[in-house]
Amino acid sequence: TGETVFEAASLSKPVFTYAVLKLVEQGKLGLDVPLTTYLPKPFIAGDERLAKITARIVLSHRSGFPNWPADDGSVSIYFTPGERFSYSGEGYIYLQRVVEKITGKPLNEYMTEAVFTPLGMTSSSYVWRPDFDALTATGYDSDGKPDKLVKPTEALAASTLNTTAKDYALFV
């Protein structure tokens, strides 16, 4: 139904982008300001190309970051930022760290204040809420077996939004 909670996965990105653009509109974040200027220490060390990454570059998937970190958790820049397109959830995580620094709030708290509450999105969160247990859709794999339900305890701007069709329609 319209009240069924589902894992929005990459549809988390447009909602986060809206919140980022609210910070731009308020003059708290520059679309073309290197993100390194907002953080006290580099997101990754030892790569001068990091200084070329801006919010605009992240939001257009041209950061040079891979989609996700390597198995050992390391992150590298694979090409000069801005040169070409390459879908990257990791770029969104970098921008998330900047948003959290600017707002002084964990991502889900900022998203609730800036997006969910103003738009009336009462059944949306980037971290798992206990009330979702009874309302969540069950996903299935290609063999028809139920997928393991992911209950994120850490907000990730790129992927952990849980929402309903009704709430997402309010956003759209």
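The values are calculated or read from the model by the stated rules, or taken from the named source; none is laboratory data. None of the values given here were measured: they were computed from a predicted structure. Neighbour counts run over all protein chains shown; Cβ positions are idealised from the backbone, glycine included. Each accessible area value is taken on the protein alone, full model and side chains, heavy atoms only, with ligands, DNA and RNA left out. Shrake-Rupley method; radii C 1.70, N 1.55, O 1.52, S 1.80 Å.
What's the FRET efficiency of THR153 with GLU3 using the Cβ-Cβ distance as r and R₀ = 22 Å, to the nearest 0.05?
The calculated FRET efficiency here is 0.40.
Cβ neighbours within 10 Å, averaged per peptide: list 30-40, 91-101, 140-150 in order, most packed at the top. Before the final figure, lay out the partial values.
Details: 30-40: 14.5, 91-101: 21.8, 140-150: 8.6.
Going by the mean number of other Cβ atoms within 10 Å, highest first, we get 91-101, 30-40, 140-150.
What full-extension length gain, to one decimal in nm, is calculated for ILE102 and ARG56 as 0.36 nm per residue of separation minus the Cα-Cα distance?
14.9 nm
Apply the Karplus parameterisation 6.51 cos²θ - 1.76 cosθ + 1.60, with θ equal to phi minus 60°, to every residue of the stretch 142-157 and state each ³J(HN,Hα) to the nearest whole Hz, in sequence, with x for glycine and proline.
Rounded to whole hertz, the list is 5, 8, x, 8, x, 6, 5, 6, 8, 10, x, 9, 10, 6, 10, 4.
Quick one: check the C-alpha center-to-center distance for the stretch 40-82 versus the stretch 106-172, whole angstrom.
26
Per residue of the stretch 77-83, what does 6.51 cos²θ - 1.76 cosθ + 1.60 with θ = phi - 60° give for ³J(HN,Hα)? Whole Hz please, x for Gly and Pro, Karplus curve as stated.
For the stretch 77-83, the Karplus-derived couplings read 8, 8, 8, 4, x, x, 6 Hz, x marking Gly and Pro.
Amide H of THR54: which non-local residues (sequence gap of 5 or more, or other chain) have their own amide H closer than 5 Å, using H built in the peptide plane?
Result for THR54 returns LEU35.
Measuring with a 1.4 Å probe in the full set of protein chains, what accessible area per residue, in whole Å², belongs to the stretch 108-172?
Ligands and nucleic acids excluded, the result is 55 Å² per residue.
For LYS105, list the aspartates and glutamates whose Cα falls under 19 Å from its own Cα; do not include residues on the same chain fewer than 8 positions away.
Of all the aspartates and glutamates, those that pass the test against LYS105 - Cα under 19 Å, at least 8 places apart if same chain - are GLU25, GLU113, GLU154.
Mind putting a number on the dipole of the stretch 1-131 about its Cα centre? Charges go on the C-beta only, +1 for Lys and Arg and -1 for Asp and Glu, and I need it in Debye to the nearest 20.
It works out to roughly 400 debye.
Expressed as a rounded percentage, what relative contact order does the chain have, with Cα pairs under 8 Å and six or more residues apart?
The normalised contact order for the chain reaches 32 percent.
Could you give the length gained on full extension between ASP32 and GLU83, defined as 0.36 nm per residue of separation minus the Cα-Cα distance, in nm? Show your work: numbers first, answer last.
Values: separation 51, 0.36 × 51 = 18.36 nm, distance 1.49 nm.
The ASP32-GLU83 span can extend by a further 16.9 nm.
With +1 on the Cβ of every Lys and Arg and -1 on the Cβ of every Asp and Glu, and nothing else charged, how large is the dipole of the stretch 58-172 about its Cα centre, in debye rounded to the nearest 20? Don't jump to the answer; show the numbers that get you there.
On the way: 10 positive and 14 negative charges, 56 e Å.
Here the stretch 58-172 has a charge dipole of around 260 debye.
Summarise the accessible area of the chain (1.4 Å probe, protein heavy atoms) by the percent that is carbon and sulfur.
Values: 4880 of 8920 Å².
Carbon-and-sulfur percentage of accessible area, whole number: 55.
Using θ = phi - 60° and the Karplus form 6.51 cos²θ - 1.76 cosθ + 1.60, what ³J(HN,Hα) does each residue of the stretch 12-27 get, whole Hz, x for Gly and Pro?
Couplings: 5, 4, x, 5, 4, 4, 4, 5, 4, 5, 5, 5, 5, 4, 7, x Hz.
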